[in-house]
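Colleague: Next up is a structure, given as structure tokens.
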Amino acid sequence: MSLTLKVWRQPSADAPGTFQTIAAKDVSTDISFLEMLDIVNDGLEARGEEPVAFDHDCREGICGSCGAVVNGQAHGPQAATTLCQLHMRKFNDGDTIIIEPFRARAFPVVKDLVVDRGALDRIIQAGGYISVRTGAAPDAHAVPVKKDDAERAMDAAACIGCGACVAACPNASASLFTSAKITQLCKLPQGHPERNRRVVAMVRQMDAEGFGSCSKHYECQAACPKEVKVENITLMNREYLRALAGLD
Ligand code: SF4
Ligand code: FES
């Protein structure tokens, strides 16, 4: 099929950006969105033009590196799918596809579709880990965990840190990402000793990075490729208040 791409081109963080119109011809419906961009880049390079910069690594929906806003939707039109796992059969011959970077004040553009998502790393650095000694790996079932808690922790741990939730949110809030990490750790026994300090530090870092607040648009949940749920934000808010109240 033949497509018309309107791709955001921005040479650097400080340079002005603009949309470049690129014709993509003979696109196979079997290839992924990133493979389509690879072929487009081959064409640009063959003509002596600068290829489109975009992030990627695993191309298996695991690493969280890839991401762009495709026709207004973070990671494109298919639910629960990263950009690298989106296939061109989801588009039609003759379509015009608008491709933009994730836009948020806390995600400055590096180049074209590449944004700096280091703010998410700094939220993790503020407390998204377990620093207490947990000893050697225990035997299975030696540390009892309620089934519901284990499932909540595992579902939250599915977050790959892609930042689509931020890009989809009208407030550019990082609440879904941050709450997923807080839920993952506070629902497991190993996460309890630092539970209060963690939630306060991570929420404060989230605010310091310039992310907006959650006002319950649910766009984050709709855009999340790993189907992380907004219930985690409710839990984060409860954890934050009980930590400020000094409750154990
Ligand atoms: S919560 Fe979902 S959308 Fe947000 S960073 Fe994690 S995987 Fe990506
Ligand atoms: S490249 Fe790793 S999730 Fe897309």
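Colleague: Looking for something acidic (D, E) and either open to solvent by 60 Å² or more (accessible area, probe 1.4 Å) or farther than 28 Å from A174 by Cα (or both) - is there at least one such residue anywhere in segment 132-141?
Modeller: yes
Colleague: Could you check how many residues of segment 158-205 are near ligand 1 (Cβ under 10 Å from one of its atoms), within 22 Å of I62 (Cβ to Cβ) and part of a helix (DSSP H, G or I)?
Modeller: Residues that pass the stated criteria total 11.
Colleague: Related question: Could we say that C214 is under 20 Å from G61 (Cβ atoms), more than 16 Å from ligand 2 (Cβ to nearest atom), without any contact (Cβ under 8 Å) to a residue 60 or more places away in the chain and in contact with a strand residue (DSSP E or B) (Cβ under 9 Å, 6 or more places away or on another chain) here?
Modeller: no
Colleague: Do we find that A223 is closer than 23 Å to R117 by Cβ and aliphatic (A, V, I, L, M) in this structure?
Modeller: yes
Colleague: Being acidic (D, E), within 14 Å of F177 (Cβ to Cβ) and touching a Leu at 6+ places or on another chain (Cβ under 9 Å) is the filter here; which residues of segment 187-243 pass it?
Modeller: E209
Colleague: Here's a follow-up. Quick check on this structure: which one of G43, G72 is open to solvent by less than 50 Å² (accessible area, probe 1.4 Å) and either of a type outside the set (A, V, I, L, M) or under 20 Å from the mean Cα position of the chain (by Cα) (or both)?
Modeller: Of G43, G72, the one residue that is open to solvent by less than 50 Å² (accessible area, probe 1.4 Å) and either of a type outside the set (A, V, I, L, M) or under 20 Å from the mean Cα position of the chain (by Cα) (or both) is G43.
Colleague: While we're looking at this one, here's another question. Kindly indicate the residue of segment 229-241 that is open to solvent by less than 40 Å² (accessible area, probe 1.4 Å) and either of a type outside the set (V, I, T) or in contact with a His (Cβ under 8 Å, 6 or more places away or on another chain) (or both) and also nearest to R197 (Cα to Cα) among those meeting that condition.
Modeller: Once the filter is applied, the top-ranked residue is E239.
Colleague: So, in segment 93-113, how many residues would count as being out of contact with any strand residue (DSSP E or B) (no Cβ under 9 Å at 6 or more places or on another chain) and under 19 Å from I39 (Cβ atoms)?
Modeller: Result for segment 93-113: 0.
Colleague: Residue check: is A156 closer than 30 Å to L86 by Cα, in contact (Cβ under 8 Å) with a residue 24 or more places away in the chain and away from ligand 2 (no atom under 16 Å from the Cβ)? Walk me through how you get there before you give the answer.
Modeller: Numbers: closer than 30 Å to L86 by Cα: yes; in contact (Cβ under 8 Å) with a residue 24 or more places away in the chain: yes; away from ligand 2 (no atom under 16 Å from the Cβ): yes.
Considered against the rule, which asks whether it is closer than 30 Å to L86 by Cα, in contact (Cβ under 8 Å) with a residue 24 or more places away in the chain and away from ligand 2 (no atom under 16 Å from the Cβ), A156 comes out as yes.
Colleague: Out of all the residues in segment 24-40, which are outside any loop (DSSP other than H, G, I, E, B) and open to solvent by 20 Å² or more (accessible area, probe 1.4 Å)?
Modeller: E35, D38, I39 - these are the residues of segment 24-40 that are outside any loop (DSSP other than H, G, I, E, B) and open to solvent by 20 Å² or more (accessible area, probe 1.4 Å).
Colleague: Inspect all residues belonging to segment 47-66 and state whether any of them is surrounded by 14 or more Cβ atoms within 10 Å (Cβ to Cβ), among the basic types (K, R) and within 15 Å of ligand 2 (Cβ to nearest atom).
Modeller: Within segment 47-66 (the criterion being surrounded by 14 or more Cβ atoms within 10 Å (Cβ to Cβ), among the basic types (K, R) and within 15 Å of ligand 2 (Cβ to nearest atom)), the answer is yes, since at least one residue qualifies.
Colleague: Let me ask something else. Going by what's in this entry, would G61 be described as within 14 Å of the chain's Cα centre (by Cα), part of a loop (DSSP other than H, G, I, E, B) and either among the aliphatic types (A, V, I, L, M) or closer than 16 Å to M36 by Cα (or both)? Please lay out each step first, then the result.
Modeller: Values: within 14 Å of the chain's Cα centre (by Cα): yes; part of a loop (DSSP other than H, G, I, E, B): yes; either among the aliphatic types (A, V, I, L, M) or closer than 16 Å to M36 by Cα (or both): no.
So G61 fails the test.
Colleague: Of all residues in segment 75-128, how many are surrounded by fewer than 23 Cβ atoms within 10 Å (Cβ to Cβ), under 14 Å from the mean Cα position of the chain (by Cα) and on the phi > 0 side of the Ramachandran plot?
Modeller: Number satisfying all stated conditions: 1.
The values are calculated or read from the model by the stated rules, or taken from the named source; none is laboratory data. Only a predicted model underlies this, so the values are computations on that prediction, with no experimental measurement involved. Backbone-built Cβ (ideal geometry, glycine too); neighbour counts: all protein chains shown. Calculation scope for accessible area: heavy atoms of the full protein, side chains included, ligands and nucleic acids excluded. Shrake-Rupley method; radii C 1.70, N 1.55, O 1.52, S 1.80 Å.
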